[in-house]
1. Which one of 417, 398, 391 is of a type outside the set (Ser, Thr, Tyr), touching a Lys or Arg at 6+ places or on another chain (Cβ under 7 Å) and at pLDDT below 95?
2. Of all residues in region 421-472 being over 32 Å from the mean Cα position of the chain (by Cα) and among the polar types (S, T, N, Q), which is surrounded by the most Cβ atoms within 10 Å (Cβ to Cβ)?
3. Of everything in region 422-451, what is in contact with a helix residue (DSSP H, G or I) (Cβ under 7 Å, 6 or more places away or on another chain) and polar (S, T, N, Q)? Give them in sequence order.
4. For region 379-409, which positions are over 17 Å from residue 332 (Cβ atoms) and assigned to a strand (DSSP E or B)?
5. Do you know which of the residues in region 337-353 that are within 14 Å of residue 303 (Cα to Cα), buried (at least 18 other Cβ atoms within 10 Å of the Cβ) and of a type outside the set (D, E, K, R) is modelled with the lowest pLDDT?
6. Could you check, for region 309-323, whether at least one of its residues is within 18 Å of residue 244 (Cα to Cα), at pLDDT 90 or above, of a type in the set (Val, Ile, Thr) and buried (at least 18 other Cβ atoms within 10 Å of the Cβ)?
7. Only one of 417, 383 is farther than 23 Å from residue 354 by Cα, over 23 Å from the mean Cα position of the chain (by Cα) and among the acidic types (Asp, Glu). Can you tell me which?
8. Right, residue 372: part of a helix (DSSP H, G or I) and surrounded by fewer than 19 Cβ atoms within 10 Å (Cβ to Cβ) or not?
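The values are calculated or read from the model by the stated rules, or taken from the named source; none is laboratory data. Values in this document were obtained by computation on a predicted structure and should not be read as measured data. Note that we place each Cβ from the backbone using ideal geometry, even for glycine, and neighbour counts take in every protein chain shown.
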Amino acid sequence: MTIPHEIVNCIFSYLSFEERIRLTSVCRQWQHLLLDSPEMWNSISHEQMISIAETLTPYRRYIRPSYVRSLTLLKPWVEPDEDDDEDFIREIKNASLEEDVMFLEHCTHIQQIYIDSSYWSRSWMSKLYTMAHASLVNLTIQCSDHDIASGVLHLGSILKQFPLLEHLSLTCPILFQHLQQPRIALWDTNYEGTHDRLVDLHIDLYGNKNNWYLPLEHAVMHFPQLRRLSIHPRDYDEPSRIIQALMEYCIYIDTISVFVESAEDPLHYDVSRHPSIIKSPYQQHHHHRHQDLRHLFLQDTAAHHRIVSPIIYKHNSTLETLALRTSHTSIHSLLNSVSDITMPHLRIVRLLNQQRSYEQPISYLDDIIDNVVLYTFFARHPDLERVAVLDNPCFTGDVLRALYHHHLCSLELQRCDITRKALSQFFSTCGPRSSLSKLVLIDIPGVTDEVLDLVKQLPILRHVTLLKNKISFSAVVSFLEDGYGASNANKGKRYDFLGLECTKSLGDETASTSIYTTEDILAMLDMAATIWHFQYQEQ
């Protein structure tokens, strides 16, 4: 019988060196296993295997549970192969599960629990509900859609059980279709009282709404201290009701996120790692005396101007982030509706076309109006630090001119109608005093060799992505030489991320570039970037 190495690694990752030594007293053959190679599993008899579960269970008794503050429950092992003993593997899992429950019962001062979906158990969750952990502050649960439909996961039950809970994250990464079964309510509309400690709520249930429904618009009125709400737009048909409830009942709300981006998108922005730090009001030196909404991440129907405009008018003095993912016509309608106000603290703007394709303006006049709307918006906010625009035909060189004198640290543009002349003027204006540290230009017609020559003169640029462009191989070599040491001004310059793409073969270039071999190019890349992407495409 062969035991998967994943099980071996998982079991012994729990044990300290001293605990491994204790286990050697059970069987002398284990001494080589514990201190040398997992291959020794193959030489142990089945009878010795059966006693492993009995031997492993006492290991947590060497730890004082009252000292534990954080517990992560993972099961990284895989399902057994045909040649494996399923009964034994099941015995190992059950023994570990029972021991975890026994161990958790004694963790009287635990503050943080993370439960992975591979560890999820209905009996384990039911046991968690019955435990008294008054100190629990942070709870993260990953479960399957099957568990949701079985009625195990219930938002109200969790909040009633843990009165001091401040951060709660519920994620369902596994889809399971239930047929001919009534939908399960994840919130009891008869919930009484309030949960005065919850400040951060993240819900991502992957949208199998045939099985469940969660009326958050009724739930949030019971969270008076809520400061950050993050939900997935696909989970709710009308998130506008939730947003309106937040504005009415959550007087300390700081961040609203109904937003998602693909991690494969070069313009991807991880909302979960946003620099905003949500702290409990009980950890702060003073309480907010009024609602000061600072960050808006909205998508689809939640980004409709009838919903967002009143919010911007009410909180224009505190907003710092405005991220919208919808059609560019909807974006322009919103910006036009708030064109008469200024947000003095606005620092981050992300305008992403949800449809990933150009929407042709109804008329040439509409095109001009949208262009003016964008120019006016950026001109009104000179303190912007990060700007991202995706798939917007109205973001032209005229709009880019509004950013000439902004102290941007990040500029990301993809599929925008910007000419070479407009880009050259922009980077020439930035000059050696530029604060730009991240530059992403993808599928921009005006990105040429001349523009790349201006880009390499930006003094503190650390992240460069220039794809689907008209850059030649010689220009790329020149750019790499700049970091390799050919230029005294930027000698030894390194990039955190480098993405370059050239579209001409080496034979089409001048004779001076032919002296470079593949090894030379790789050496330049190694000097230029710690993490890099280099794509050579021959026409």
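1. 391
2. Top of the filtered list is 472.
3. Residues satisfying the conditions are 424, 428, 448.
4. Passing the criteria: only 386.
5. Looking at residues that are within 14 Å of residue 303 (Cα to Cα), buried (at least 18 other Cβ atoms within 10 Å of the Cβ) and of a type outside the set (D, E, K, R), I get 353.
6. Yes, region 309-323 contains a residue that is within 18 Å of residue 244 (Cα to Cα), at pLDDT 90 or above, of a type in the set (Val, Ile, Thr) and buried (at least 18 other Cβ atoms within 10 Å of the Cβ).
7. Only one candidate qualifies: 383.
8. Yes: the conditions hold for residue 372.
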